[in-house]
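Data first, discussion second: the structure below is written as structure tokens.
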Amino acid sequence: MVPLPGRRTASQHASIASLFNVARRASQLQWVQRYRHGRGTHSVRHEGLAVLFRRVKKHVKAQDWFAVVVDFIIVVIGVFIGIQVANWNDARQTERRAAEYLDRLDDEFDVIRARLESGIEVFGRSVQNIDLIMDARRDYAADPSSPLPDDKTLASAVNDVNSGRIPAGSPAAFKEMVASGALDTLSSEPLRQALFAYDEFAHIARDGWRSIRDEQRAAANAVTATIDVEAPDDIQSLDNSWLQSRGVVGVAREAILTDPALQGHLNILLRAQMNQYTLVERQLALANEIEALIVEARQ
């Protein structure tokens, strides 16, 4: 195209400046997009854009408007493709991070669920043993000659009045996601809500355990004072069976069956253990729900 002769008008100068700025901004934007996403060849692409930018500048000065429009379209298309590639890379990185977090959540909730299942078993057994002692006391009060548990059974029950598990907390992966703002990488809204619900309930369970811990410990000390325990001769032989029986060598049977002070302590322990059983049961239900949502999110 042959340049138009004569002096440029003010409107022509404005058009030239506008196109010049648009082309320059497009070049800068595409380079920033490439650099931000760590493209190993961003410097080469930037050099190509610089060449294109000089061509646009040359055509604008020469008032070759057709060439300017073509160059401008090339820049716009290049920026558009660059943005799409960057978005595609972002989506892939988000999917990868989400998959990693799902794996971590799955592994951690496997451990949490196992702990909660164990807690249900331990708290349930403790409630049954407290109830056994209270039934024996009532039966003895009604008829001292009625059939009652033997010393070994009573000692085992007394030993178990305060058995339990410290409430399970929230998984480290969830805490990390909240702290880093990465929770949005999970595309499942039900899963995100379930994680928050579990975290809130885990704090409630932990606070509830702490609120009754001192009173429960004092009650347990009063009740377990009715049995005498000793460690085995070989400390290396300690195992779960000894930890459950604590090497009971003496039982104050009469105190267990008749001491009126024990009734209040047993009531405290029964309420505390039943409360913990209920909390752990509910917490396990929330953890199971999350496990199902994780499986669904992976599909």
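Can you tell me how many residues in region 163-181 are within 13 Å of Val280 (Cβ to Cβ) and either of a type in the set (Ser, Thr, Tyr) or not assigned by TED's automatic domain parsing to the domain that holds Asp214 (or both)? Total meeting the criteria: 1. As a summary of the residue check, Tyr140 satisfies the conditions (1) in contact (Cβ under 8 Å) with a residue 40 or more places away in the chain; (2) not in a helix (DSSP H, G or I) except for the one numbered (2).
Of everything listed in (1) touching an Asp or Glu at 6+ places or on another chain (Cβ under 9 Å); (2) surrounded by fewer than 17 Cβ atoms within 10 Å (Cβ to Cβ); (3) farther than 22 Å from Glu296 by Cβ; (4) not small (Gly, Ala, Ser), the single unmet condition for Thr226 is (2).
Of the conditions (1) in a helix (DSSP H, G or I); (2) over 21 Å from Asn288 (Cβ atoms), Asn162 satisfies every one except a single condition; which number is it? Of the numbered conditions (1) in a helix (DSSP H, G or I); (2) over 21 Å from Asn288 (Cβ atoms), the odd one out for Asn162 is (1). Taking region 191-299 as the region of interest, the helices (runs of 4 or more DSSP H) fully inside it that hold 2 or more residues being at pLDDT 95 or above, in the same structural domain as Thr153 (by TED's automatic domain parsing) and under 26 Å from Leu102 (Cβ atoms) are 261-298. Within the option set Val158, Val127, being in contact with a Leu (Cβ under 8 Å, 6 or more places away or on another chain) and surrounded by 14 or more Cβ atoms within 10 Å (Cβ to Cβ) holds for one residue only, Val127. Select from region 247-279 the residues that are in contact with a Ser or Thr (Cβ under 9 Å, 6 or more places away or on another chain) and under 30 Å from Asp110 (Cβ atoms) and write down the one among them that is surrounded by the most Cβ atoms within 10 Å (Cβ to Cβ). Ranking the candidates gives Gln273 first. Look at Met177 and say whether it is at pLDDT 95 or above and not small (Gly, Ala, Ser). Considered against the rule, which asks whether it is at pLDDT 95 or above and not small (Gly, Ala, Ser), Met177 comes out as no. Of all residues in region 82-94, exactly one satisfies the criterion of being in contact (Cβ under 8 Å) with a residue 24 or more places away in the chain and surrounded by fewer than 13 Cβ atoms within 10 Å (Cβ to Cβ), namely Asp90. The residue that is farthest from the chain's Cα centre (by Cα), among those in region 141-170 that are hydrophobic (A, V, I, L, M, F, W, C) and within 16 Å of Glu121 (Cα to Cα), is Ala157.
Can we say Phe80 is aromatic (Phe, Trp, Tyr), in a helix (DSSP H, G or I), outside the structural domain of Asn275 (by TED's automatic domain parsing) and at pLDDT 75 or above? Against the criterion (aromatic (Phe, Trp, Tyr), in a helix (DSSP H, G or I), outside the structural domain of Asn275 (by TED's automatic domain parsing) and at pLDDT 75 or above), Phe80 qualifies.
The values are calculated or read from the model by the stated rules, or taken from the named source; none is laboratory data. All of these numbers come straight from a predicted model, not from anything done at the bench. Reconstructed Cβ throughout: ideal geometry from the backbone, glycine too, with neighbour counts over all protein chains shown.
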